[in-house]
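The values are calculated or read from the model by the stated rules, or taken from the named source; none is laboratory data. Since the structure is predicted, the reported quantities are computational estimates derived from the model, not experimental observations. Every residue, glycine among them, receives a Cβ derived from its backbone with ideal geometry; neighbour counts consider all protein chains shown.
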Amino acid sequence: MANNAHLQSGHAWSLMIQNNIAMKLKKLGLTLNHPGPALIFSRCKYALQPSGVRVLRHLAARHNVPLSDRTGLVTYIDSLRLPNPNLLNGRNGGSKLRPYLLISRGAACNHCSFLSQSFKLVQRQLKHNHSNSDRNPHWLRDSVRNHANLQSWTQIGSRP
């Protein structure tokens, strides 16, 4: 019976620590994304590398976050075992926008899921993959959707 009370006490302590860390993450502007496991920093609007030490270094060097606000985060962030955001699957076109990720304007191919910030790159992709001589003279221009919302987990976009 005493052992069971000790286990319940340990569980309550663990939950209290987790809640404390969750509040600390929120205060610092760090958000755990679901689904798609990533730690997003709302000030930078991209996912951070999943190493606790690197996150703390980023917070200190780029944003002057005091040590007292960073205490206890390394172990917690490392325990999450988050994947490298450069290796996460790209965000699908038409997927729900994440409020904590940067939103960029770009262009999209109307024939497939190709997206880019460059209108010319989408046109080049169209010529290479969807060219057809039976189309009207404006098919290339009409096949690009402008003003597409683009988001990426990282500053430099997804890498296959």
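For the range 57-64, indicate whether the set of residues that are more than 20 Å from LYS24 (Cα to Cα) and more than 13 Å from the chain's Cα centre (by Cα) is non-empty. If you could, list the steps in order and put the result at the bottom.
Of the range 57-64, the ones more than 20 Å from LYS24 (Cα to Cα) are none.
Checked the range 57-64: no residue is more than 20 Å from LYS24 (Cα to Cα) and more than 13 Å from the chain's Cα centre (by Cα).
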Complete set of residues in the range 99-109 that are at pLDDT below 90 and farther than 12 Å from LEU150 by Cβ: PRO99, TYR100
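Considering only residues that are in a strand (DSSP E or B) and of a type in the set (A, V, I, L, M), look in the range 119-154 and name the one that is nearest to HIS34 (Cα to Cα).
In the first step, residues of the range 119-154 are kept if they are in a strand (DSSP E or B); the result is 144-150.
Now narrow it down to the ones that are of a type in the set (A, V, I, L, M): 144, 148, 150.
On the way: VAL144: 31, ALA148: 23, LEU150: 18 Å.
Per the stated criteria, the residue is LEU150.
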Number of the exception - ASN64 against (1) modelled with pLDDT under 90; (2) surrounded by fewer than 17 Cβ atoms within 10 Å (Cβ to Cβ): (1)
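I need the strands (runs of 3 or more DSSP E) fully contained in the range 28-118, keeping only those with at least 1 residues that are of a type in the set (D, E, K, R). If you could, list the steps in order and put the result at the bottom.
Values: elements: 30-33, 38-41, 104-109.
It comes to 104-109.
Could you say whether any residue in the range 3-22 is hydroxyl-bearing (Ser, Thr, Tyr) and at pLDDT 65 or above? Lay out the reasoning, then the answer.
Step one: filter the range 3-22 for residues hydroxyl-bearing (Ser, Thr, Tyr), giving 9, 14.
Applying the additional criterion that residues be at pLDDT 65 or above yields none.
Looking for residues that are hydroxyl-bearing (Ser, Thr, Tyr) and at pLDDT 65 or above, one finds none in the range 3-22, hence no.
Being modelled with pLDDT under 85 and surrounded by 18 or more Cβ atoms within 10 Å (Cβ to Cβ) is the requirement here; does LEU88 meet it?
Values: modelled with pLDDT under 85: yes; surrounded by 18 or more Cβ atoms within 10 Å (Cβ to Cβ): yes.
So LEU88 passes the test.
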Residues that are under 17 Å from the mean Cα position of the chain (by Cα) and farther than 18 Å from LYS45 by Cα, drawn from the range 93-114: GLY93, GLY94
Qualifying residues in the range 105-121 (those that are surrounded by fewer than 15 Cβ atoms within 10 Å (Cβ to Cβ) and either among the polar types (S, T, N, Q) or in the same structural domain as GLN49 (by TED's automatic domain parsing) (or both)) - the one nearest to LEU48 (Cα to Cα): GLN117
Failed item, numbered, when ALA47 is tested on (1) surrounded by 13 or more Cβ atoms within 10 Å (Cβ to Cβ); (2) without any contact (Cβ under 8 Å) to a residue 60 or more places away in the chain: (2)
